[in-house]
């Protein structure tokens, strides 16, 4: 059976932010292995609300950065096709033909058009914004897309494309498949706590700023554990800092330091690490692309090991029964290595740092996650 075809895209209005990743781009990682994917750089759509000379001059740089960001998260150019909307003249030629198959009244019924005008600060709706859904229909129908990934707020646009395609087919023969909306759940509420993260609303988060301050692994952890792929989520720096300090600094970092300090002080050599296996429930979570479930499994194991330290108290036992204490410490080191093993898909650098500390039987050379107040 021929692979079904997907069409989706973004407007090159500026730097991508966390909202793009949560709401759309991370889903594309899974879609590229299941469908024939076409990812559009929608520069013509951008002109509906951002059409100053400065906006137009920035298109080339923004478009290039947008594609590079998607390649950076794992989109494979061998599996997906990127293209610039304005470079394919047939798209706007098709838009002209399709515009005769829809009425102005029908376009005015779409609530998203007024929302876009309000977000852009427009008092009146210009012709190109009113015709935005017709150009979008041309985007979808030109590659004969079967599926269009959208949020719930844009299902009405795909329905309009179906109506236009049906009218075209009835008039001229079966040319276009009727596109179906592929509704993807999960949006990221912006820093204002009010609306979906959007550049036009000024409530976005630049991931590079977080990475520069807290490191790549910290952001990967937060997205994996605290942002569910199928539900709406909220991001604020306060929530991020709390998760960083509570889970990473006080949780994983503190656990690693406590165990390796006991090992370095009381064990002459590193314990032998047995062949380990990845828990089946962890594998299942990764197979389902549910990183939150996978991350929670890791943190359950971290909690179990921490509880074991509290229960056995090897740091006290070393004074009264050193041999038994050493056996407990060895078990803790092996368990810590097991955490590092399953941590690798989400936080590979941290995983390797813990494994190295275990192999060298020493405290990590640098603090894994210095607490930040």
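FYI, it's all coordinate maths here, none of it is from the lab. Values in this document were obtained by computation on a predicted structure and should not be read as measured data. Here Cβ is always computed from backbone atoms with ideal geometry, including for glycine, and neighbour counts include all displayed protein chains.
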**Message:** Of the residues 91, 56, only one is in a helix (DSSP H, G or I) and within 30 Å of residue 171 (Cβ to Cβ); which?
**Reply:** 91
**Of all residues making up segment 283-304, the number that are at negative phi and under 19 Å from the mean Cα position of the chain (by Cα)** = 11
**Fill in**
Selection over segment 311-366 where residues are part of a loop (DSSP other than H, G, I, E, B), without any contact (Cβ under 8 Å) to a residue 60 or more places away in the chain and either under 18 Å from residue 248 (Cβ atoms) or in contact with a strand residue (DSSP E or B) (Cβ under 8 Å, 6 or more places away or on another chain) (or both) yields a count of 4
**Message:** Tell me whether segment 230-237 contains one or more residues that are more than 30 Å from residue 333 (Cβ to Cβ) and part of a helix (DSSP H, G or I).
**Reply:** yes
**Message:** Could you check segment 126-142 and list, in sequence order, the residues that are surrounded by fewer than 18 Cβ atoms within 10 Å (Cβ to Cβ) and in a loop (DSSP other than H, G, I, E, B)?
**Reply:** 126
**Asked** For segment 94-125, how many residues meet the condition of being within 30 Å of residue 2 (Cβ to Cβ) and not in a helix (DSSP H, G or I)?
**Response** 1
**Prompt:** Which one of these is assigned to a loop (DSSP other than H, G, I, E, B), exposed (fewer than 15 other Cβ atoms within 10 Å of the Cβ) and free of Cβ contacts under 8 Å to residues at least 12 places away in the same chain: 277, 265?
**Reply:** 277
**Request:** Being within 20 Å of the chain's Cα centre (by Cα), farther than 17 Å from residue 138 by Cβ and touching a residue at least 40 places away in the same chain (Cβ under 8 Å) is the filter here, so list the residues in segment 38-80 that pass it.
**Result:** 62, 63, 65, 66, 69, 70, 73, 74, 75, 76, 79, 80
